[in-house]
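Notes follow the structure.
The values are calculated or read from the model by the stated rules, or taken from the named source; none is laboratory data. Everything numeric here is computed off the predicted structure, so don't read it as measured data. Backbone-built Cβ (ideal geometry, glycine too); neighbour counts: all protein chains shown.
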Amino acid sequence: MRKVTFITIIVLAALIFIVPQGFAQESTQKAASEKHPILCYLPNRIFDMLDIVRLRLRVGPGVSVGARVTKLTNVFVGFHSTLYAGVHGPRGEAEIPWPVGVENHGGADVSLVKASVAGPYIGPLETGIEFQAGIIGISFGICPYEMLDFVTGLVFIDLQKDDF
């Protein structure tokens, strides 16, 4: 009975975390090949508006701290593997900014020297802070370049190349 329960949990975890990612990649590729600027105008403007601010509340193991003033001037040290909920922040590519997800980041970054693995996409001019203390954490950032991307997007100019 325990073996069946364990296998059921593994299968459900795979369905929740692995399968949707495959569908998301497939649907993103399909959307990119069939894009129509008029039909995607409203969703793109909403997504561009959501790209301006990152506010993620995180739950999961880890100890980390970081600060950044632009993508090139940052400091990060520690590790965390968390589930987050909140505003996604800059996307960096044409993808749906889901308000929940998984964030893994570990290592050390000091300005231009990056010795960490993974981590979220950081906007080119994003300024922010983050920390993880035990099982709770937060990540906050604001990106003026995404504001400009939103404004220019109103006239169909996509500076970040993240529109569908």
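List pairs: first residue in region 80-94 and assigned by TED's automatic domain parsing to the domain that holds G60, second residue in a strand (DSSP E or B) and among the aromatic types (F, W, Y) anywhere in the structure, Cβ distance under 8 angstrom, at least six positions apart or on different chains.
Note: no pairs meet the criteria.
Please specify each residue of region 50-68 satisfying the condition of being over 18 Å from H105 (Cβ atoms) and of a type in the set (V, I, T).
Answer for region 50-68, where residues must be over 18 Å from H105 (Cβ atoms) and of a type in the set (V, I, T): I52, V53.
When you check A115 against the structure, is it in contact with a strand residue (DSSP E or B) (Cβ under 7 Å, 6 or more places away or on another chain) and at pLDDT 90 or above, yes or no?
no
Can you pull out every residue in region 146-156 that is over 16 Å from L55 (Cβ atoms), touching a residue at least 24 places away in the same chain (Cβ under 8 Å) and not acidic (D, E)?
Across region 146-156, the qualifying residues are F150, G153, L154, F156.
If I filter region 132-164 down to residues being among the aliphatic types (A, V, I, L, M) and assigned to a loop (DSSP other than H, G, I, E, B), which single residue comes out as farthest from H80 (Cα to Cα)?
Of everything passing the filter in region 132-164, V155 is farthest from H80 (Cα to Cα).
Which of the residues spanning region 76-131 are closer than 20 Å to P144 by Cβ, aliphatic (A, V, I, L, M) and in a strand (DSSP E or B)?
Listed by number, the residues that qualify are V87, I129.
So which of P20, P43, P61 is modelled with pLDDT of 90 or more and exposed (fewer than 14 other Cβ atoms within 10 Å of the Cβ)?
That would be P61, the only listed residue that is modelled with pLDDT of 90 or more and exposed (fewer than 14 other Cβ atoms within 10 Å of the Cβ).
Of the numbered conditions (1) polar (S, T, N, Q); (2) within 22 Å of D158 (Cβ to Cβ); (3) modelled with pLDDT under 85, T5 fails exactly one; give the number of that condition.
For T5, the failing item is (2).
Assigned by TED's automatic domain parsing to the domain that holds Y41 and closer than 12 Å to F47 by Cα: is that true of D149 in this structure?
yes
Only one residue in G134, G141 is assigned by TED's automatic domain parsing to the domain that holds G66, among the small types (G, A, S), within 14 Å of the chain's Cα centre (by Cα) and modelled with pLDDT of 90 or more. Which one?
So the residue among G134, G141 that is assigned by TED's automatic domain parsing to the domain that holds G66, among the small types (G, A, S), within 14 Å of the chain's Cα centre (by Cα) and modelled with pLDDT of 90 or more is G141.
For R54, state whether it is touching a strand residue (DSSP E or B) at 6+ places or on another chain (Cβ under 9 Å), closer than 20 Å to V100 by Cβ and either assigned by TED's automatic domain parsing to the domain that holds E103 or without any contact (Cβ under 8 Å) to a residue 60 or more places away in the chain (or both).
yes
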